[in-house]
């Protein structure tokens, strides 16, 4: 087994032995490699350098060691891969590098299921969250906003829960867009069960993501820990409906603490489900947004075409240079192709195709699936 | 006629000859006294010093001179006074000194009708404005907010128009509070006629105010000019409902330009009548307020009791010192008494009673009517 393979397997095991967000594991990963950590847990011997560098480590190692038994092995990983579940690790091409800003509490690895490329999905993405007890108003506004964002090539990130989260995913899917559901359960058995059909559609058009192994049953603290990933993945976070001081504001707090753009949708002051939104607008400086247009205006990169009246794709095809256009036309629309095959079809060399695919992906034209590159659903 | 009387009469005439907000008249008033200006207009001769100090003055003098004919004379003033209409001039005890911040566009004088003392009413006051085309939601929120402000001893200032303005006055009146209607018509013939009963009640519990003489019929530009006074009188301005880029935002613009606290009430993003509120929250930095409590929290003076759960008066009686308490107990609750009579009843000297009445008025306990001092309706 190569070092890289050993480290992947070790990170898979880490998602089982250490709770996501455990800063001691994060600190340890700065001192030891994943495989070294698993080895230390297995043999019950901690290198003195690690002990010196991470206060409180001995007790944590004992805690982690007792969970080592059920950790995934190579055979399990292969089995999950056959079920369409892949492991995405830091340094992997699909790793969303914005997660590295979480420092010691960044995920050890992510379990991913679905057709979208997580990294590219995250490039132009918005986290849209809110209460499970959505009102008809909130559901309407959220679905509409998510659909408009998806139409412009923005990925909608949410937590897969009932209420606002569900509306966010559904709106994006209805517009033929990509969406990411970041779960507190394993992606092999996504929670809540009532969203079974929704999760199937998310996997078909976007991705399901979890820090926990595929079969994991969610815990209450897990939902809160998971929220930091929702906030970190999106370029900004929008709260659509939330009661005062409710759990629905937890993701907003993460976005604020991560110094990411935080937005909230206002509503009737007579609605308890909008009170949390008004609170964070007034007290946290969340930006008051009334729809997708406001969100895109706030999060647009310099050079992005600003949303005015609907105009088609966020970056028009005619700004592409001839070579980029040739490569784009060579990318298949449904199944994924490798870059070599695309290079042959486009009649350009391999390095050129790689450069072009990178720009095209950043502009939202193409995406990398685990089977290769393909066209993303185009805004209409 | 004393100089003071001549100046009063001259200011009354100025409200007739020069349009409110005419900055040339404001500039001229820095060079000449009111009586000197009326004299110059009458004889058609402008002092060279004034001509040198105010560019464009000659043409303006000609414009003003043609309107000199209908200007009020002493007899007219006496007649209006019998109708309960008084003239309030700068330096008068009842002059709201915050208007002086308007500089050259401050009113030359104000025509006032009603029982409240305009200066004291303005000390703890909020301007509450919005669209004439109020929705049921806006009307409900505005009435409720104005009533709660009035219950806590805050004066509600608005423009007397249909829609949000009317709700603001009505809410304050319903709570037994004081309210100020700043009109673009004369206070003797307040516009709109459909608010006849409302204006009667405003005069009975608060005041009607206008920069134009009592019989003046309003003009379209007059409403916009008037708005700067609404913004300048209140300690802050709240927009309850306004369409995008609508006239209802004109007062908000004045408040912003005057660097006064500007607030807006959010509403459904699906309501066009809340779109202006959301716009100024997002783009002008207006504070998102959901009710009277938020408004009071923002506008409270240091030392004001912060509004928590309802607690009774904004400043509790028990913070008053024994002498203040004695004076407060000597103030009549319905009719107004002069300070000398109150001094006798309280058993303190005249200077003490004047000092105490000032503090008590600032704290919202007592008010000066044109008939003297009386208790204000107490928060319950």
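Every number here is computed from the coordinates shown, using simple stated rules; none is lab data. This one's a predicted model, so the numbers in the text were calculated from it and none came from an experiment. When we count neighbours, we look across all protein chains shown, and the Cβ atoms used for this are built from the backbone with ideal geometry, even at glycine.
Shielding of peptide A:4-16 by partners, expressed as the average count of other chain Cβ atoms within 10 Å per residue Cβ, is 0. A point 7 Å from Cα along Cα→Cβ stands in for residue B:39, and the other copies hold the same point at 10.4 nm, listed in rising order. Each other copy places its own label point for residue A:81 at 9.9 nm from this one, sorted shortest first, where the point lies 7 Å along the Cα-to-beta carbon line.
Can you say what percent of the DSSP beta bridges in chain A, counting only those with both residues inside, are antiparallel? Round to 5.
Working: 13 of 31 bridges.
Of all bridge pairs located within chain A, approximately 40 percent are antiparallel.
For the range B:3-72, just run the numbers: alpha carbon Rg, then divide by 2.2 N^0.38 Å, N being how many residues it has.
Values: Rg = 10.8 Å, N = 70, 2.2 N^0.38 = 11.1 Å.
It is 0.98.
Equivalent ellipsoid semi-axes for the protein assembly as shown, as square roots of 5 times the alpha carbon gyration tensor eigenvalues: give them largest first, rounded to whole Å. Mind dumping the intermediate values first?
Values: eigenvalues 921, 192, 86 Å².
That gives 68, 31, 21 Å for the three semi-axes.
Once C-alpha pairs closer than 8 Å and six or more residues apart are averaged by separation and normalised to the residue number of chain B, the relative contact order reads 14 percent. Its convex hull of Cα atoms gives chain B a direction-averaged projected area, equal to a quarter of the hull surface, of 19.4 nm². Per-residue mean of foreign Cβ neighbours for A:273-281 is 3 (Cβ atoms of other chains, 10 Å radius).
For the range A:3-81, the relative contact order works out to 42 percent when only alpha carbon pairs closer than 8 Å and six or more residues apart are counted. By the count of neighbouring beta-carbon atoms within 10 Å, fewest first, B:97, B:271, B:178, B:185 end up ordered B:97, B:271, B:185, B:178.
In chain A, the beta-carbon sitting nearest the axis that superposes A on B belongs to the residue given here with its distance in angstrom, A:266, 2.
For the range A:188-244, take N as its residue count and report Rg(C-alpha) divided by 2.2 N^0.38 Å. Show your work: numbers first, answer last.
Working: Rg = 12.7 Å, N = 57, 2.2 N^0.38 = 10.2 Å.
Expressed relative to 2.2 N^0.38 Å, the Cα Rg reads 1.25.
Relative to its residue count, the range A:317-375 spans a Cα convex hull of 67 Å³ per residue. Neighbour counts of other Cβ atoms within 10 Å put A:131, B:74, B:251 in the fewest-to-most order B:74, A:131, B:251. Sorted shortest first, the separations between the residue A:257 label point and its copies elsewhere in the assembly read 4.5 nm; each point sits 7 Å from Cα along the Cα-to-Cβ line.
By the Kirkwood approach, averaging reciprocal distances over each pair of separate Cα atoms, the range B:217-275 gets a hydrodynamic radius of 12.0 Å. Any idea what log10 I(q)/I(0) is at q = 0.07, 0.17 Å⁻¹ for the range A:100-299, Debye with uniform C-alpha scatterers and no solvent? So the normalised log intensities work out to -0.16, -1.05.
Taking 0.36 nm per residue of sequence separation and removing the Cα-Cα distance, the residue B:258/residue B:42 pair yields an extension gain of 74.3 nm.
Using only C-alpha positions, report the orientation-averaged shadow area of the convex hull of the range A:68-186, nm², one decimal. Could the numbers behind the result be given before it?
Details: hull surface 34.7 nm².
Taking the Cα atoms of the range A:68-186, their convex hull projects to 8.7 nm² on average.
Extending 7 Å from the Cα toward the beta-carbon at both residue B:81 and residue A:51 defines two label points whose distance is 9.7 nm. Once the Cβ-Cβ distance of residue B:323 and residue B:301 is raised to the sixth power relative to R0 = 22 Å, the FRET efficiency obtained is 0.50. Taking other C-beta atoms within 10 Å as the exposure proxy, B:95, A:373 rank B:95, A:373 from fewest upward.
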